Structure formats: structure tokens, C-alpha cells
1. Check which residues have an amide H placed less than 5 Å from Gly69's amide H, if you skip close sequence neighbours.
2. So for segment 36-140, Kirkwood radius off the Cα pairs, Stokes-Einstein at 37 °C and 0.692 mPa s: how many µm² s⁻¹?
3. Taking N as the number of residues in the chain, what is its alpha-carbon radius of gyration divided by 2.2 N^0.38 Å?
4. Residue by residue, what Karplus-based ³J(HN,Hα) values in Hz, rounded to whole numbers, does segment 72-84 have, using 6.51, -1.76 and 1.60 with θ = phi - 60° and x for Gly and Pro?
5. Can you give me the accessible area per residue for the chain, using a 1.4 Å probe, in Å²?
6. Over 17 Å, how big is the tail of the calculated P(r) for segment 1-57, in percent of all Cα pairs?
7. Output wanted: per-residue J couplings in Hz (rounded whole) for segment 179-190, from phi through Karplus 6.51 cos²θ - 1.76 cosθ + 1.60, θ = phi - 60°, x for Gly and Pro.
8. Calculated from DSSP H runs of 4 or more alone, at -39500 (n - 2.57) each and per residue, what is the 222 nm mean residue ellipticity of the chain, nearest 500?
Amino acid sequence: KHFQTAREPSLEIEVNGDLDKPEELNASLHLTANGLRHGDYVCEELEARATCAGRLVDLTSLRIRDHLGELHAGAMYEIGGEAVDFHLHSTMNLPHLASAILEDETLHEVVFYEPPEIFADGRLLLGRSLPARAFVPVECSGTVRTGRFASRGEVVDALGVNFGISPDGYYFRDGLLRHKTGTMGVQARWKKGEGFRYRAQLQMDPAVFPVPL
């Protein structure tokens, strides 16, 4: 509802089967949209295809394109199940897309000069599979790699890190940040009941960071 578009999106739905046997129905969905805008962020193109066969819902493809790159994703869910399996690969400006969806301007503090590349595979946990007081309802691991970007006036040359997130916490491994003054390597973990731990090797100007390390 936050987005504006010069042309209405298109949604095509096709259903085949016996209406007296809904468990045997087959359905397909095709959604397309162009020029979705929120503030200064523009989603140039969006296309999604999904099918439903019996109890299985399959988001076969989701493609989103902006000025930096594209996102490709898919997901699968069995109706009544306790998890949605998903995967994604993105080179688009995900922070600004998230800022537009969540209407959170703090994410605009990061400006990318090169496409950030993100790989992620995981599960969205539902029902009884989600522990009480979970940190997040997700089990996921992946990689982030990006070239030059700026935040609060500082330009970073490159950043790469492997990550994992779960209902119990998160971790960052093999993190390496490159700046004109040097580099910083980092490993970090936060787990409920254990707190936050990190190990960093700083070989750059520490004044770059907004808080002391």
C-alpha cells in the first residue's frame, strides 16, 4: 500500500479441477508490475509465478529488478506444514527496498555504488516448529558480498561475510571489511542466554566506526 505506480499491476489466476474436490484442484498465479515507486526508491519490474497442486504451494519464481540489479527467489510450502523452505540470490538494493516496505528511513543511511550480492537458503518456521520467545522465526544461512558503499559519510571499499540466523541467535564468520585506511576481520556470535561474543583484527583507522570497538 506504500507504493505508487503509473500502471496497474496485472494478476492472472487459473484454476483447474473439480470444485467438489478442492483437495485435487490445481491453480497457477502470475503477477507482474512495473515502475513501483515509494519516495526515491523505484522497483522497475516485478514478476512472480506460483502454483498450487493439492496441498503443495510452490512459488516457482520471484524476480524483482531495480537500478542496481535483480533478486531471484523461490519458496515451497505444504499446507498445514510447519515451515516454508526458501532460497534467494540478490544483486539489487535490498536495504532501500526494505526501507520502502517498512517505511524505515534509517536504512537509507547506506548508499551502494556497486550491487551487493546476497545468497541465502533457509526455512520460515510456523506453528509448533517455532520455539517460544524465538529471536526470529527463521533458520537461514548465506553470504553477503559487496563492493563500494557509503554510510554516514564514510566510504567502504568492500565487505564480505558469511552469516547464519536462527530462533536462538545469529553469527557472522569470515567477515572482512576493506577501507582506504586498511582492513578489519571479524567473527561474531550472539546466542540467547550466552550474550554477544566477537573477535576482531583491526588494521585500519578505528575512527571510521561510529562507536568504539
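The values are calculated or read from the model by the stated rules, or taken from the named source; none is laboratory data. Values in this document were obtained by computation on a predicted structure and should not be read as measured data. Glycine also receives a Cβ, built like all others from the backbone with ideal geometry; neighbour counts cover every protein chain displayed. We work out accessible area using only protein heavy atoms, side chains counted, and drop any ligands, DNA or RNA first. Shrake-Rupley method; radii C 1.70, N 1.55, O 1.52, S 1.80 Å.
1. Counting only residues 5 or more places away or on other chains, the set is Asn93.
2. 214 µm²/s
3. For the chain, the normalised Cα radius of gyration comes out at 1.21.
4. Once θ is set to phi - 60°, the couplings for segment 72-84 become 10, 8, x, 7, 9, 9, 9, 3, x, x, 10, 7, 10 Hz.
5. Per-residue accessible area for the chain comes out at 62 Å².
6. So the pairs more than 17 Å apart make up 51 percent of the total in segment 1-57.
7. 10, 4, 8, x, 9, 9, x, 8, 10, 8, 8, 10
8. -1000 deg cm²/dmol
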